[in-house]
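Before any comments, here is the structure.
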Amino acid sequence: MTASPDVAHDAPKAQETPLPSATLGGDSKRSIEQITLLLFITVPFIALVAAIPLAWGWGVSWLDLALMVVMYYIGCHGITIGFHRYFTHGSFKAKRPLRIALAIAGSLAVEGPLVRWVADHRKHHKFSDAEGDPHSPWRYGETVPALMKGLWWAHIAWMFDEEQTPQQKYAPDLVKDDVIRNISRQFVVWTVVSLLLPAAIGGLVTWSWQGAVTAFFWGSLVRVALLHHVTWSINSICHAVGKRPFKSRDRSGNVWWLAVLSCGESWHNLHHADPTCARHGVMKGQLDSSARIIRWFEKLGWAYDVRWPNANRIDSRRKEAPAEAA
């Protein structure tokens, strides 16, 4: 059953406890989870910083670069198409094989278990840039010091907050799906696959340990760090700056220079004005690779009932009259 953006809001309030099997661990393992999260953030980030002098001094092979780019966009589209537009907002319906493939592809991005990711994001939309939003950069106020602190919170710090979004309240449809819940629960397994696959390919192609190590560095660590910070920038940067041509009740903005790396997610103002729309970049020249791939899925018959924008739908959400906006 495809996720509906309203399901989470209408779920019974009696079920407030997150489902332990759908997360990285239960409450008794919270400290282990915090340490694991810290490692997932810091180790790839250190590699990302080290990548600059290494690339300058020794360069990067075409194989390592290819592994980094391919794995990056598999994980990125797994998040944008799968975790976000499909599982969170129900922008389209998918045949069962595609549903499972999107769940796995998103898990390869190493951004946390699927069910938790969806629950957090649905809660974000319910309280966007208001009290209750898990990661608003305006959390501490509107002064420059408060915004700087808020940007740090929205980018990274919120993930270490002890309060967890109740998954049975915000993602009951996914909790009830045994296959999806198991994929979410197996997050560590998919993380290991995501990190070791580039190393295995690099080692086999070059038939050397050095090839495996460099492929792991570029195709795993650097790739994960870059994808993490691009994704987190949607929470922080795209809620602090950017153009806002559409009506939304928050401060979501369009940030053009993140569009390619974010696979179209940085056209964030339209997304918050029309959360279930399958395309975020709806204006001329707005690149949205996620929408393009959804279109391919639709033509292949793997996706259906896609919620595409039309002129009336777009114009109804503009801040200006259509004639002036044109």
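The numbers here are math on the coordinates, done by the rules we state, and not lab data. As the structure is a computational prediction, the values presented were derived from the model and not from experiment. Glycine gets a Cβ as well: all are built from the backbone with ideal geometry, and neighbour counts include every protein chain shown.
Just a few scattered comments:
- Rough spin-label spacing in nm, given labels placed 7 Å along Cα→Cβ, for V60 and S208: 1.9
- About its Cα centre, region 127-172 has a charge dipole of approximately 80 debye under the convention of +1 per Lys or Arg Cβ and -1 per Asp or Glu Cβ, with nothing else charged.
- Per the Debye calculation on region 202-326 with a single equal scatterer at every Cα and no solvent contribution, log₁₀ I(q)/I(0) for q = 0.09, 0.10, 0.21, 0.22 Å⁻¹ amounts to -0.36, -0.43, -1.15, -1.21.
- Exposure proxy ranking for V306, V189, V175, V60, based on other Cβ atoms within 10 angstrom of each Cβ and starting from the fewest, stands as V189, V60, V306, V175.
- Kirkwood hydrodynamic radius of region 116-157, Cα pairs, Å: 10.3
- Note on I100 and V193: the model spin-label points, each 7 Å out from Cα along the C-beta direction, lie 1.1 nm apart.
- Each residue of region 89-95 was assigned a 3J(HN,Hα) from its phi angle through the Karplus curve 6.51 cos²θ - 1.76 cosθ + 1.60 (θ = phi - 60°); the sequence is 10, x, 5, 7, 9, 10, 5 Hz, with glycine and proline shown as x.
- Between A311 and N182, the modelled label-to-label distance comes to 4.9 nm, taking each label 7 Å out from Cα in the direction of the beta carbon.
- Values of log10 I(q)/I(0) for region 55-165 across q = 0.11, 0.12 Å⁻¹ run -0.49, -0.57, by the Debye formula with one identical scatterer at each alpha carbon and no solvent.
- Whole-number percent relative contact order across region 215-269, with pairs defined as alpha carbons under 8 Å at least 6 apart: 29
- Here region 262-315 is treated with +1 on each Lys and Arg Cβ and -1 on each Asp and Glu Cβ, and its dipole about the Cα centre works out to around 160 debye.
- Trypsin sites (Lys or Arg not before Pro) restricted to DSSP loop in region 250-306 with at most 12 other C-beta within 10 Å: K284
- Cα convex hull volume per residue for region 224-280 (Å³): 72
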